[in-house]
Amino acid sequence: METGFTHINEKGEANMVDISGKAETVRYAAASGNISVGDEVIKALSGVDDGKLTKGDILGAARIAGIMAAKKTSGLIPLCHQLLLDDVAVDFEVLGDEHKIRCNSRVCLTGRTGAEMEALTAVSIALLTIYDMCKAVDRSMVIGDIRLEEKDGGKSGHYVRA
């Protein structure tokens with residue numbers, strides 16, 4: 001049964017992809033996503049309260065959560081390979097006029113499989129952390145537009161979102 005999906009075997013069953021025959025190469029992935037927030041959150045993150053609400057440094061905590069999540073991706077996503085990450089970065093842009101916070105992640109490693117899931121997981125968990133830390137003042141927040149922006153390395157080569 002040829003489905004084109006790498007995690008489905010010839011019997012149609014979910015399985016882990018065998019990467020043992022692949023060469024180790026430098027792999028890179030970048031992802032992004034947004035959380036829409038209200039005025040009170042934008043004010044707090046724009047320096048009015050030095051980026052702090054009652055739970056502390058929101059973006060700092062979200063950055064650490066995103067980095068930790070990238071490191072734990074294989075334990076969160078079934079059939080995802082455990083990777084030895086060389087670098088993980090999580091950054092934020094507060095877009096006050098749009099009432100959004102944009103999260104960007106970058107993951108780099110040398111290995112046999114890509115880092116896309118780690119980059120996407122970093123963004124997802126960083127944004128969820130912002131939600132958790134801000135929900136006392138804004139329960140209407142919306143997380144969205146989580147996507148792969150770029151990846152490089154491996155058989156499929158370089159990809160950049162158009």
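Here are a few things to note about the model shown:
Conditions tested, residue by residue: (1) closer than 25 Å to ILE8 by Cα; (2) acidic (Asp, Glu).
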site	(1), (2)
ASP57	no, yes
GLY60	no, no
ILE67	no, no
SER74	yes, no
CYS80	yes, no
ASP87	no, yes
GLY96	no, no
HIS99	no, no
CYS108	no, no
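- Close pairs from region 20-39: first touching a residue at least 24 places away in the same chain (Cβ under 8 Å) and open to solvent by less than 20 Å² (accessible area, probe 1.4 Å), partner acidic (Asp, Glu) and not in a strand (DSSP E or B), Cβ under 7 Å, at least 6 apart: ALA29/GLU116; ALA29/GLU118; VAL37/ASP138
The values are calculated or read from the model by the stated rules, or taken from the named source; none is laboratory data. Note that this is a predicted model, so its numbers are computed, not measured. Cβ sites come from the backbone with ideal geometry, for glycine too, and all protein chains shown count toward neighbours. We work out accessible area using only protein heavy atoms, side chains counted, and drop any ligands, DNA or RNA first. Shrake-Rupley method; radii C 1.70, N 1.55, O 1.52, S 1.80 Å.
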